[in-house]
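Reading through the structure tokens given below for one structure.
The values are calculated or read from the model by the stated rules, or taken from the named source; none is laboratory data. What you are looking at is a predicted structure, and each value in this text was computed from that prediction instead of being measured. Positions of Cβ are generated from backbone atoms using ideal geometry, with glycine treated the same way; all protein chains shown enter the neighbour counts.
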């Protein structure tokens, strides 16, 4: 439910589960983002403009991630580790599940230079982009602001992303001066060729949950 609060923690100092309007570029943070910011010593100010600045999910409105994904992930992970075609399919499904649950609904319409039918702008939609397709066609992409999602659980998206950012940032904090690139769930560290690796990855990382997998090493000149 929407509320107007002075802080993102309760009287006991525990973070409230929800989304908050705070003073950043977009004005929206998850409680996970604010916890990380507070841990880093940053000053957090919720926006006070007479409008609700928090969307709080009470206990009755929350479902643990283990309940949503636990059995599903362990089942598919076993198949993935068996290899073969089934293993590759299982890996692909594992990588796309949360995206499918949070998938946005987009409508497309292709127009051609010789089209005679009148163009009808979808009612209630906004035009996102116009992309040339070949030399005589254009693809129009539309979304409906009132019904933007196709998946069933779009509200988990910001919390999943924030949790992933938290895990990555905490892992790399000791090596922040060596980080050269971070992209989604991968990163590149600068290391000296003859020095021990900053992070040691287990040999069976690809077959273990929550393990870092070493991809490749290279040299920069």
Residue in segment 150-157 that is in a strand (DSSP E or B) and under 25 Å from residue 29 (Cβ atoms) present: no
Any hit, segment 177-191, residues being surrounded by 13 or more Cβ atoms within 10 Å (Cβ to Cβ), free of Cβ contacts under 8 Å to residues at least 12 places away in the same chain and not assigned by TED's automatic domain parsing to the domain that holds residue 35: yes
Yes/no for residue 32 being part of a helix (DSSP H, G or I) and touching a helix residue (DSSP H, G or I) at 6+ places or on another chain (Cβ under 6 Å): yes
Test: residue in segment 95-118 that is surrounded by 14 or more Cβ atoms within 10 Å (Cβ to Cβ) and closer than 21 Å to residue 206 by Cα: yes
Unique match (being surrounded by 14 or more Cβ atoms within 10 Å (Cβ to Cβ) and either touching a strand residue (DSSP E or B) at 6+ places or on another chain (Cβ under 7 Å) or on the phi < 0 side of the Ramachandran plot (or both)) among 69, 75: 69
Only listed residue being in a loop (DSSP other than H, G, I, E, B), farther than 23 Å from residue 157 by Cα and out of contact with any helix residue (DSSP H, G or I) (no Cβ under 9 Å at 6 or more places or on another chain), chosen from 49, 43: 49
